[in-house]
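Only one structure is covered here, and it is reproduced in the block below.
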Amino acid sequence: MNSFVAAERALRNAAPHRLVEALREVLHGQYTAQCVELLMADYGLSVLQPVSAQPHTCESVAMHGTTAGRAFGAQHPVMEEKGELTRAHLPVTVRGERIGVLTVTLPSETAAGALAELVDIAEVLGHEIIVAERDTDLYVRARRRDRLTLAAEMQWQLLPGRSCARPEYALGAQLEPAYGIFGDNFDWSAGSDRLMLYITNGMGQGIEASLLTNLGINALRNARRAGVPIEDQAALADQAIYAHYHGASYLSVLLLDFELSTGRVKVVDAGSPQMLRLRGRTVERVDFEAQLPLGMFEETDYVAQEFSAAPGDRLVFVSDGVYSVAAPGGEPYGEKALAKAIAATRLLPAADVPRAVLRELSGHRGGPAPEDDALVVCLDWFGRQQES
């Protein structure tokens, strides 16, 4: 049997919690692998956590300054020579969603010839992890270097992922504090001709903020899946939130509906999230007509506005926990500093931008513990290539 087919079959037939063990066995038999280890990116994107029996028996690997971290960041295999052995670090990624790194140690004489197949195996492993997470907590637990608050648990389970990519665009997002978020959130959904993106900022703290955001996101999803336009999605979610909270709590949200073939975008701006655009070397804030947050009043009507995304545009979305954060001396981070951070990260891929901006924000804040959620979402717009 072909070695790749054997590995693929072993992964598909393995019990959800035994993916790594099954892969280790088949790579040992088919590729004479000496060691096979799966490392998963933690919620804070600071370390790669080993998937092993709980509690972890192996040390975490730093995301920066290590070969495994370099493979994760570059999204390319990184080979490390160890005498007669080669250690191959292979990114585990599914449709742009960066999951972690598969590290395989095997004889150097077979490493080069096996590399292409090992890259494909790492991709298959990623798909199987996504499916397996429905039935086991192993991979979710492996992502944690610390315990999540209950509010953060609810928020991370609500998210679609942290990155995704298609020919027309690439998306990346990150929330801080990763292990203690409560109100900020994002959601996206792509079809054959449209991308819908929500940036949300729920009022309050702790469980109450998380419950509000959960209600709002699910109300928006319910309306979106019914096939209604974004202005009606906003109106229906507004009614759901008002019916429950009667105006005592509300959800700020920026809704965007991208037409993939043209770059035309419909927008409903219902609250505090902001959008900045990097076009060429110029960063500017893009303002829309402000409308009421969802759930503030009964039966609010919403109107969609339009703008166009051009190929090469980078759109960065931030919550008020980014642009309003204050330095120890009281100076707000502000639009100018944010624009500078966006310009400084223009050469990074979209998936790396949110974390880089949040690191800059942490330096301005002067301490590791933010008082409010901070959300950054980056969208690189490539546009659809016209068929000749």
| field | In region 290-313, residue nearest to LEU195 (Cα to Cα) [restricted to those that are of a type outside the set (Asp, Glu) and open to solvent by less than 10 Å² (accessible area, probe 1.4 Å)] | value | ALA309
| message | Looking only at region 75-94, how many residues end up being among the aliphatic types (A, V, I, L, M) and open to solvent by 50 Å² or more (accessible area, probe 1.4 Å)? | response | 2
| note | By my count, strands (runs of 3 or more DSSP E) wholly in region 252-348 with at least 1 residues that are in contact (Cβ under 8 Å) with a residue 12 or more places away in the chain and touching a Pro at 6+ places or on another chain (Cβ under 7 Å) are 264-270, 314-318
| task | Check off (1) at pLDDT 95 or above; (2) in contact with a helix residue (DSSP H, G or I) (Cβ under 9 Å, 6 or more places away or on another chain) for ALA310 and give me the number that stays unchecked. | result | (2)
| remark: If we ask which residues in region 164-195 are among the aliphatic types (A, V, I, L, M) and open to solvent by 30 Å² or more (accessible area, probe 1.4 Å), their number turns out to be 2
| request: Answer yes or no as to whether ARG166 is of a type in the set (D, E, K, R) and touching a residue at least 60 places away in the same chain (Cβ under 8 Å). | output: yes
| task | All but one of (1) open to solvent by 50 Å² or more (accessible area, probe 1.4 Å); (2) under 22 Å from PRO349 (Cβ atoms); (3) modelled with pLDDT under 95 hold for GLY161, so report the exception by its number. | result | (1)
| query | Is there a residue being open to solvent by 40 Å² or more (accessible area, probe 1.4 Å), of a type in the set (S, T, N, Q) and within 26 Å of ARG384 (Cβ to Cβ) anywhere in region 262-271? | reply | yes
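Matching residues to (1) assigned to a loop (DSSP other than H, G, I, E, B); (2) small (Gly, Ala, Ser); (3) open to solvent by 40 Å² or more (accessible area, probe 1.4 Å):
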| residue | (1), (2), (3) |
| --- | --- |
| ARG18 | no, no, yes |
| ALA33 | yes, yes, no |
| GLY65 | yes, yes, yes |
| ARG98 | no, no, no |
| message | Restricting to region 230-258, and then to whatever is closer than 22 Å to ASP287 by Cβ and open to solvent by 40 Å² or more (accessible area, probe 1.4 Å), can you tell me which residue is modelled with the highest pLDDT? | response | GLU231
| request: Please tell me if ALA22 is in a loop (DSSP other than H, G, I, E, B), hydrophobic (A, V, I, L, M, F, W, C) and open to solvent by less than 30 Å² (accessible area, probe 1.4 Å). | output: no
| query | Can you pull out the strands (runs of 3 or more DSSP E) entirely within region 139-242 that have at least 3 residues that are of a type outside the set (Phe, Trp, Tyr) and touching a Pro at 6+ places or on another chain (Cβ under 6 Å)? | reply | 169-176
| request: Just name the residue that is farthest from LEU158 (Cα to Cα) out of those in region 35-52 that are open to solvent by 20 Å² or more (accessible area, probe 1.4 Å) and among the hydroxyl-bearing types (Ser, Thr, Tyr). | output: SER52
| query | Of all residues in region 124-142 being at pLDDT 95 or above and in contact with a strand residue (DSSP E or B) (Cβ under 7 Å, 6 or more places away or on another chain), which is most open to solvent (accessible area, probe 1.4 Å)? | reply | ILE130
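The values are calculated or read from the model by the stated rules, or taken from the named source; none is laboratory data. This structure is a prediction, so every number in the text was calculated from the model and none was measured. Heads up, the Cβs are rebuilt from the backbone with ideal geometry, glycines too, and the neighbour counts pull from every protein chain shown. The accessibility values were calculated without ligands, DNA or RNA, using every heavy atom of the protein model including side chains. Shrake-Rupley method; radii C 1.70, N 1.55, O 1.52, S 1.80 Å.
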